[in-house]
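Some notes on the structure that comes next.
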Amino acid sequence: MSIAENVADITKRVDLSAQRSPRNPQEITLMAVAKTVSADRIREAYDAGIRVFGENRVQEFASKADALRNLAEAEWHLIGHLQSNKSAKATELFGHVDSLDSIRLAEKLNSAASQFGKQLSILIEINIGSEQAKSGVAPDSPELESLLGIAPELSSLEFRGLMTVPPYNEDPEQSRPYFRRMRALFEQIRSRNLQAIRMDVLSMGMSHDFEVAIEEGSTCVRIGTAIFGERVPQAG
């Protein structure tokens, strides 16, 4: 199937999942994850109606950003782990960082955004499965509370919500308890009406489990393989 056919298929499945919830499909953002995907194929997805794109690595996106500069309506999100020493370059390239996981990184991003004269949209990454190999803050950690508390001091950052990647399982139903916990955490934080925390984005669900994620309250699903096909391994 072509990228356009894949986008049409995923869009239909998003709509059906929303109807089962029941929810308004317009409340759910379809993000195309373009890790290892060429600029030409990203352009195909844009032509098929995708407007929100996720990239995992700063340097990889930097290598194709010029070729995509004329996609005027595109939003570029960094969804991979970000080292604080790359925060300035990330701020230059992206309008959204969906993987904030420390106060140090938040302060670096705020400083860089201030220097660039831009407002950077932020999601806090939650390590909902407490997996050692994954980044993100634990849902019940002091680090999360510190990030929520420092938000009013970081005037160049706009805290929009939470993002997670649950433990992988081929059976999407095994992700449901993690998505449910994320929704509960999201609602609990939102109910506190914290200063400078909008809490209107809950990013969870990928190609293999996005329908379950939508049923459990996701407002943004991150789809790579189901749009672009299997990834081509990169050297190094």
Kirkwood Rh for region 91-152 from C-alpha pairs, in Å, is 12.2 Å
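Relative to the compact globular guide of 2.2 N^0.38 Å, what is the alpha carbon radius of gyration of region 102-236, as a ratio?
Details: Rg = 15.9 Å, N = 135, 2.2 N^0.38 = 14.2 Å.
Here the Cα radius of gyration is 1.12 times the empirical estimate.
Compute the normalised compactness of region 170-236: alpha-carbon radius of gyration over 2.2 N^0.38 Å, N being the residue count.
Values: Rg = 14.8 Å, N = 67, 2.2 N^0.38 = 10.9 Å.
It is 1.36.
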Here region 141-146 yields Karplus 3J(HN,Hα) values (6.51, -1.76, 1.60; θ = phi - 60°; whole Hz; Gly and Pro given as x) of 8, x, 4, 5, 4, 5
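Mean shadow of region 61-124, computed from the convex hull of its alpha carbons, in nm²?
Working: hull surface 17.0 nm².
For region 61-124, the mean projected area of the Cα convex hull comes to 4.2 nm².
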In whole percents, the bins of 5 Å from zero upward hold the Cα-Cα pairs of the chain as 1, 7, 15, 18, 20, 18, 13, 7, 1, 0
The answer for the per residue Cα convex hull volume of region 20-84, in Å³, is 119 Å³
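What area, in nm² and to one decimal, does the C-alpha convex hull of region 1-119 cast on average over all directions?
Details: hull surface 33.6 nm².
Averaged projected area of region 1-119's Cα convex hull equals 8.4 nm².
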log10 I(q)/I(0) for region 147-194, Debye formula on C-alpha points only (no solvent), q = 0.14, 0.26 Å⁻¹, two decimals, reads -0.48, -0.98
Most fluctuating of Pro167, Pro22, Pro152 in the GNM of the chain (C-alpha, under 10 Å) is Pro22
If the label point sits 7 Å along Cα→Cβ of Ala4, residues of region 24-60 with amide N under 13 Å come out as 44-50
A chain fully extended from Ser135 to Glu27 at 0.36 nm per residue, minus the present Cα-Cα distance, gains in nm 36.2 nm
Karplus ³J(HN,Hα) for region 3-18 (6.51 cos²θ - 1.76 cosθ + 1.60, θ = phi - 60°; Hz, whole; x = Gly/Pro) runs 4, 4, 5, 5, 4, 4, 5, 5, 4, 5, 5, 4, 4, 5, 5, 5
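Laboratory data are not the source of any read-out in this text; all were calculated from the coordinates shown. This one's a predicted model, so the numbers in the text were calculated from it and none came from an experiment. Positions of Cβ are generated from backbone atoms using ideal geometry, with glycine treated the same way; all protein chains shown enter the neighbour counts.
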